[in-house]
Ligand code: AMP
């Protein structure tokens, strides 16, 4: 968990290299739906473009369906979910139903100025989802994905204005979710303003406590 630009996507990619589990990113799932013009995508688009949260019932149904797929039997990595208390409470029922409770929550903590710098310089590949940064992690050829050769784009919500809205939403809606898991004693707080490798070391340390 962490605000926009904290490095959830980057850490997820690194975690997946070490653990053979599915990456369930609600942001990626929603963007796929928007790209494919599905009913869900059309509904979610206006919320996402404005930097607002998509309604809880839509997200909960989407995650519940995804977690019932076979590949989640060996565990899962959630990225960007749950983001509200309503989602966390609904998810508690899903956890019990599938018998796979959350065992570790990683809270990535970063100050606002660093987030602005990260968000405004972020570029993504619309085809394969690879993430770049114009200064910190540039592609080999400017504007072109190293992995699949597609033209890189900027997310519509990666502006200072949208970041402010998203941070507001994070403080109001998502921080209480971290407190919810803190009560279970499973949250690792990590200073995510450091270099990627240093943050990942801390993430690995947190995950090493898992059974
Ligand atoms: P992300 O890629 O995680 O930053 O998500 C991008 C956008 O998708 C967010 O700003 C929200 O509009 C929407 N979104 C992703 N996950 C959720 C969620 N769990 N609940 C509500 N909206 C979400």
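Bear in mind that the values in this text are calculations on the coordinates, not laboratory data. Everything numeric here is computed off the predicted structure, so don't read it as measured data. Here Cβ is always computed from backbone atoms with ideal geometry, including for glycine, and neighbour counts include all displayed protein chains.
Given bins 10 angstrom wide, list per bin the percent of all Cα-Cα distances in the chain, short to long.
P(r) over the chain, rounded to whole percents: 8, 33, 41, 17, 1.
Starting from the eigenvalues of the Cα gyration tensor, five times each then square-rooted, give me the equivalent ellipsoid semi-axes of the range 91-211, largest first, whole Å.
On the way: eigenvalues 177, 66, 51 Å².
Its equivalent ellipsoid spans semi-axes of 30, 18, 16 Å.
Stretched out fully, how many nm does the piece from residue 39 to residue 151 gain, at 0.36 nm a residue minus the Cα gap? Don't skip to the end; give the middle numbers.
Values: separation 112, 0.36 × 112 = 40.32 nm, distance 2.64 nm.
That pair, residue 39 and residue 151, stretches by 37.7 nm at full extension.
When the Cα atoms of the range 44-102 are enclosed in a convex hull and the volume is divided per residue, what value in Å³ results? It would help to have the intermediate numbers written out before the result.
Working: hull volume 5.0 nm³, N = 59.
With only Cα atoms used, the range 44-102 gives 84 Å³ per residue.
Note the full-extension length gain between residue 201 and residue 32 as 0.36 nm times their separation in residues minus their Cα-Cα distance, in nm to one decimal.
Numbers: separation 169, 0.36 × 169 = 60.84 nm, distance 3.04 nm.
57.8 nm is the gain from fully extending residue 201 to residue 32.
Could you work out how much longer the chain between residue 189 and residue 97 gets when fully extended? Use 0.36 nm per residue separation minus the Cα distance between them, nm to one decimal. Please list the in-between numbers first.
Values: separation 92, 0.36 × 92 = 33.12 nm, distance 2.78 nm.
Value of the extension gain: 30.3 nm.
What percent antiparallel are the DSSP beta bridges of the range 78-211, to the nearest 5?
Numbers: 6 of 11 bridges.
In the range 78-211, DSSP labels about 55 percent of beta bridges as antiparallel.
What is the distance, in nm, between label points placed 7 Å from the Cα along the Cα-to-Cβ direction at residue 61 and at residue 136?
The two pseudo-label positions are separated by 3.6 nm.
Per-residue ellipticity at 222 nm for the chain, helices alone: DSSP H runs ≥ 4 residues times -39500 (n - 2.57), over residue total, nearest 500 deg cm²/dmol?
Working: 9 runs with 98 residues, N = 211.
The helix-only estimate for the chain comes to -14000 deg cm²/dmol at 222 nm.
Tally the DSSP beta bridges in the range 1-160 and give the antiparallel ones as a percent, rounded to 5. Mind showing how you got there, number by number?
Numbers: 6 of 9 bridges.
That works out to approximately 65 percent antiparallel.
Within 10 Å of each residue's Cβ, count the other Cβ atoms and sort 91, 112, 180 from fewest upward. Don't skip to the end; give the middle numbers.
Working: 91 22, 112 13, 180 17.
Fewest-to-most ranking of 91, 112, 180: 112, 180, 91.
What is the chain's relative contact order, in percent, from Cα pairs under 8 angstrom and six or more apart in sequence? Mind dumping the intermediate values first?
Details: 262 pairs, mean separation 59.9, N = 211.
Reported relative contact order: 28 percent.
Which translational diffusion coefficient, to the nearest whole µm²/s, is obtained for the range 1-86 from the Stokes-Einstein equation, given a Kirkwood hydrodynamic radius over C-alpha pairs, 20 °C and 1.002 mPa s?
156
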